[in-house]
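> One structure coming up, written as structure tokens, with questions to follow.
The values are calculated or read from the model by the stated rules, or taken from the named source; none is laboratory data. This structure is a prediction, so every number in the text was calculated from the model and none was measured. Here the Cβ positions follow ideal geometry from the backbone for every residue, glycine too, while neighbour counts run over all protein chains shown.
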Amino acid sequence: MKKVLITICFCMGLQSLMAQEVYNSSGRSGKGQKHKQEKGFDPSRLVFGGGFVASFGTGYSNFGLSPVVGYHFNDRITAGVGLGYEYLKNTIQFYNLNTGLYDNYPVKANIYYPSVWARVNIIQNIFMDANFEYNMLRYSQYYYDNNGLPASGTFSVNVPCLLIGAGYKSSLGGRAYMFAEVLYDVLQNSNSPYYGTIIPRIGFMVGM
């Protein structure tokens with residue numbers, strides 16, 4: 001747990017560099033200008049945006065949205081919170097005693113996850129990113145019943161995930177930009193929707 005907290009704190013420093021460059025592009029801050037240190041909450045430091053994921057294959061589909069809101073704390077740090085939803089559909093094979101064949105059975109999952117995120121620019125448009133998600137999974141699954149035949153059921157499980165990765169951003173003009181990133185769940189809970197896989201995401205951010 002201590003390692004998780006240290007990682008989250010480190011990444012909260014990382015997430016804000018991305019919004020900082022957007023802040024500078026507005027002309028409100030830049031080289032050669034004195035930056036006034038204002039106390040208290042400053043609405044102009046808010047950033048909004050989100051990411052989405054979409055992938056499809058034979059018998060497989062996955063899409064989701066994750067809107068976020070963040071705050072630009074200083075020249076290097078932005079962090080915030082988000083709320084996401086993801087849908088997954090896949091097929092698995094079970095041996096059917098009635099037919100003597102392996103049949104394909106669909107499995108589906110709906111995932112809801114609040115998150116805390118942080119981002120930091122490393123070099124120009126390259127940034128490090130971290131997202132701590134609490135995934136609430138509701139999914140259908142097939143299993144063998146007492147007679148050895150495939151049966152279906154609906155299950156629920158809650159899984160914490162800590163996604164660490166890096167990405168690249170491209171300006172859309174003004175204080176807006178798009179980004180693409182690749183993440184990995186370092187906790188690797190066996191029930192994690194990201195277990196044993198790399199997570200690609202794309203999205204956008206806009207400053208006030």
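> In the list Gly59, Gly153, Gly51, Gly70, which residue meets the criterion of being closer than 27 Å to Asn191 by Cβ and either under 20 Å from the mean Cα position of the chain (by Cα) or surrounded by 14 or more Cβ atoms within 10 Å (Cβ to Cβ) (or both)?
Going through Gly59, Gly153, Gly51, Gly70 in turn, the sole match is Gly51.
> Hey, another quick one. Identify the residue in the range 78-95 that is surrounded by 16 or more Cβ atoms within 10 Å (Cβ to Cβ) and of a type in the set (A, V, I, L, M) and, among all such residues, is modelled with the highest pLDDT.
If we take residues in the range 78-95 being surrounded by 16 or more Cβ atoms within 10 Å (Cβ to Cβ) and of a type in the set (A, V, I, L, M), then Ala79 is modelled with the highest pLDDT.
> Search the range 173-190 for residues being farther than 14 Å from Asn131 by Cβ and surrounded by 14 or more Cβ atoms within 10 Å (Cβ to Cβ), and hand back the single one that is modelled with the lowest pLDDT.
First pass over the range 173-190, keeping only residues farther than 14 Å from Asn131 by Cβ: 173-178, 180, 188-190.
Within this subset, residues satisfying the condition of being surrounded by 14 or more Cβ atoms within 10 Å (Cβ to Cβ) are 175-178, 189.
Working: Arg175: 84, Ala176: 90, Tyr177: 87, Met178: 91, Asn189: 94.
Among those residues, the one meeting the criterion is Arg175.
> Kindly list the number of the only condition in (1) touching a Phe, Trp or Tyr at 6+ places or on another chain (Cβ under 6 Å); (2) β-branched (Val, Ile, Thr); (3) more than 21 Å from Val53 (Cα to Cα) that fails for Ile123.
Going through the list (1) touching a Phe, Trp or Tyr at 6+ places or on another chain (Cβ under 6 Å); (2) β-branched (Val, Ile, Thr); (3) more than 21 Å from Val53 (Cα to Cα), Ile123 breaks only (1).
Yes/no per residue for (1) surrounded by 13 or more Cβ atoms within 10 Å (Cβ to Cβ); (2) in contact with a Leu (Cβ under 7 Å, 6 or more places away or on another chain); (3) modelled with pLDDT of 90 or more:
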residue: Arg76; (1), (2), (3): yes, yes, no
residue: Leu97; (1), (2), (3): no, yes, no
residue: Tyr102; (1), (2), (3): no, no, no
residue: Pro106; (1), (2), (3): no, no, no
residue: Tyr134; (1), (2), (3): yes, no, yes
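> Return the residue satisfying two criteria in turn: it lies in the range 46-84 and is hydroxyl-bearing (Ser, Thr, Tyr) and outside any loop (DSSP other than H, G, I, E, B), and of such residues it is farthest from Gln124 (Cα to Cα). First the steps, then the outcome.
Residues of the range 46-84 that are hydroxyl-bearing (Ser, Thr, Tyr), as a first pass: 55, 58, 60-61, 66, 71, 78.
Within this subset, residues satisfying the condition of being outside any loop (DSSP other than H, G, I, E, B) are 55, 60-61, 66, 71, 78.
Working: Ser55: 29, Tyr60: 36, Ser61: 34, Ser66: 25, Tyr71: 20, Thr78: 16 Å.
Only one residue tops the list, namely Tyr60.
> Does any residue of the range 30-50 turn out to be at pLDDT below 85 and of a type in the set (Phe, Trp, Tyr)?
Looking through the range 30-50, none of the residues is at pLDDT below 85 and of a type in the set (Phe, Trp, Tyr).
> If you check Gly148 against the conditions, is it more than 23 Å from Thr197 (Cβ to Cβ) and touching a Leu at 6+ places or on another chain (Cβ under 6 Å)?
Against the criterion (more than 23 Å from Thr197 (Cβ to Cβ) and touching a Leu at 6+ places or on another chain (Cβ under 6 Å)), Gly148 qualifies.
> Got a sec? Which of Tyr194, Tyr139 is out of contact with any Cys (no Cβ under 7 Å at 6 or more places or on another chain) and not polar (S, T, N, Q)?
Tyr139
> Output the qualifying pairs, or none if there are none: Cβ atoms under 6 angstrom, residues six or more apart or on different chains, first residue in the range 88-101 and in contact (Cβ under 8 Å) with a residue 60 or more places away in the chain, second residue surrounded by 13 or more Cβ atoms within 10 Å (Cβ to Cβ).
Leu88/Asn62; Leu88/Ala109
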